[in-house]
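See structure below.
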Amino acid sequence: MSTTAPGPRLGLRANLAQFLLLVTVNALVGGMVGQEQTVLPLLADEEFHLTGYTFLLTYVLAFGITKAATNYFAGTLSDRYGRKPVLLIGWLIAIPVPLLLIWAPSWGWVVAANVLLGINQGLTWSTTVIMKIDLVGPRQRGLAMGFNEAAGYGAVAVTAVLAGYLASRYGLRPAPFLLGLSYAVIGLALSAFFIRETRNFAHLEAAQHTTTSPGTTGDADLTNRQIFTRTSLTEPALSSASQAGLVNNLNFGLSWGLFPILFATTGMSIARIGILVAVYPAVWGLGQIATGALSDRWGRKHLITAGMLTQAAALALIATGGTFAWWAAASALLGAGTAMVYPTLLAAIGDVAHPLWRARAVGVYRLWRDSGYAAGAIVGGVVADLWGLRAAIWAAAAITVISGLVVAVRMYETHTPTPEPTTPTPGQTAN
C-alpha cells in the first residue's frame, strides 16, 4: 500500500521546526555584522590612524551599497531558482570576510571585506525573510517578521558585546573576528543540511489568494520593472514603507560609524562602549517579537508612524547626552522606536504584494531600506566633518521626523486582523 506525502501547509505551527531553524540561521547572519560594530571604528582610529569621519565611514558606505543592490537580486533569483540556493551562495561569500578583517594590512582590505559582507547579508537575510513569509501565510506575518528580525539584531547586540570584551582582553585583532568565522561555518552547514526549499509554499498561497486588505493587488503577472515602480514610487503603502525603511537604516548606519567615536570622546573604556553599542540592537531585537505580533492585532500604519517619531526623539537625546547612563537610556529608546518599525514594514510589504511577486517586492523594499546604510555614511560623515559629531546626529533626527510624517500622511492601513481559525464541532461545516 502506497501513501502520498502530505503537501505543504501554511502556518507557523504547521512549520514550526523549519521556522525555528530559519530563526537560528538569521541569528548567525546578524552576528556577522555584530563582529564589526564595536571594533571597526576603533580599529580605524588606533591601527590605521584614519582622519576625517567621511573616510572612516567608507566601510559602512561599501556595505550599504552592496547589501542594497544584492537585496534586489536576492528576491529576483529566489523567485527564479528557489530560496535555498541563494541562501547557500550567501554563506559561501561570508567565509572570507573575517579572514580579510584579521589580515588587513590597509583600510582598503576592510572596505573590500565589507563589500563581501554586504553581499552576504543581502543574500542570506533577504532569503530568510522571504522563506518565513512563505511558511506562515498572511495571518501571523507580523509575528514571523518579529522573530526573524529579533534573532538577527539580537545576535548583532550579543556579538557586539562579545567582540568588545574580546578586544579589551586580547586586542582588536584577531580574537573578535574569530566569532564571525565560526558563525559563517555553522550557518553554511545548517543551510546545506537542514533548511528545506519554501518556494512551493508561495505557490500554495497564490492558489488560495484573495484580496483581503485594502492595498493587496491581485495582479499576479507583473514585470520586474512594474514591481520596482510600484514598490518604489506609485503604490502608496509600498513606497511609504520603502522610504521609512531607508531612513531607519540611515540611523543605523550613522550609529554604526559615529556612535562609538562619540562615546569614546568621554574617555570611556572599550568594554563600556561595547555595552552602549549593544543596547540599541538589543532592545530593537527583543522588542520586535512583541511589536511584530502587535502589528497583527492593531495594524501596521500607526505603529510605523509612532516608531519613526520615537527614533527621532531618541536621536535628539543622544545628541545632547554625555554620560553612560544618559546614552544607555537614549539608545534603549532608539531601539524601541526601531522595533516598532522594522518587522512592521516587512509585514506591510507582505500584506500588499501578490504572493507570486512578493519576493521581488521584498527585494526592492530591502534595496531602498539598506541604501540607508550608504545614506547614513554620507550624511553622517559629511555633516560630522563640517559641523561635528553631534550635528550629524541632529541632522538624522530631523530627517526621521520628516519620514514619520510621510508615513502618517501617505500610507494607508494594510492589514485587517483575522480571527483564529476554529475547528468545527461534529455535524457542523467549517466556514
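Across the chain, the relative contact order, built from alpha-carbon pairs under 8 Å that are at least six residues apart, equals 27 percent. Gap in Å between the Cα centre of region 110-172 and the Cα centre of region 283-310? Computed from Cα coordinates, the inter-centre distance equals 18 Å. Using Cβ point charges alone (K and R +1, D and E -1), the dipole size of the chain about the Cα centre works out to roughly 480 debye. The charge dipole of region 1-156, taken about its Cα centre with unit charges on the Cβ of Lys, Arg, Asp and Glu (plus for the first two, minus for the last two), comes to roughly 920 debye. Exposure proxy for Arg13, Arg83: other Cβ atoms within 10 Å of each Cβ, ordered fewest to most, give Arg13, Arg83. Projecting the Cα positions of Ala377, Val97, Val110 onto the charge dipole of the chain (unit charges on Cβ atoms of Lys, Arg, Asp and Glu, taken about the Cα centre) puts Val97 furthest along the positive direction. Fewest-first ordering of His415, His354 by other beta carbons within 10 Å of each residue's beta carbon gives His354, His415. Starting from the Kirkwood Rh over alpha-carbon pairs, what translational D in µm² s⁻¹ does region 325-396 have by Stokes-Einstein at 25 °C and 0.890 mPa s? Translational diffusion coefficient: 170 µm²/s. Counting neighbouring beta carbons within 10 Å and listing from fewest to most, the residues Thr305, Thr159, Thr344 come out as Thr305, Thr159, Thr344. Treating each Cα of region 139-269 as an identical point scatterer and summing with the Debye formula, the log10 of I(q)/I(0) at q = 0.12, 0.14, 0.18, 0.21 Å⁻¹ comes to -0.81, -1.00, -1.25, -1.39. Across region 251-382, the convex hull enclosing all Cα atoms gives 105 Å³ per residue.
Here the Karplus relation 6.51 cos²θ - 1.76 cosθ + 1.60, evaluated at θ = phi - 60°, turns the backbone of region 114-129 into coupling constants of 6, 5, 5, 5, x, 5, 4, 5, x, 6, 7, 5, 4, 5, 5, 4 Hz, with x for every Gly and Pro. The structure shown yields Rg/Rh (Cα atoms, Kirkwood Rh), and of the options [x] 0.98; [y] 1.03; [z] 0.95 that calculated value carries the label [x]. Partners of Lys84 within straight-line reach, counting lysines whose Cα lies under 29 Å from its Cα and excluding those fewer than 8 residues away in the same chain: Lys67, Lys132.
Read-outs throughout are calculated quantities, based only on the coordinates presented, and are distinct from any laboratory measurement. A quick note: this is a predicted structure, and the numbers were derived from the prediction, not measured. No Cβ is skipped: glycine too gets one built from the backbone with ideal geometry, and neighbour counts run over all protein chains shown.
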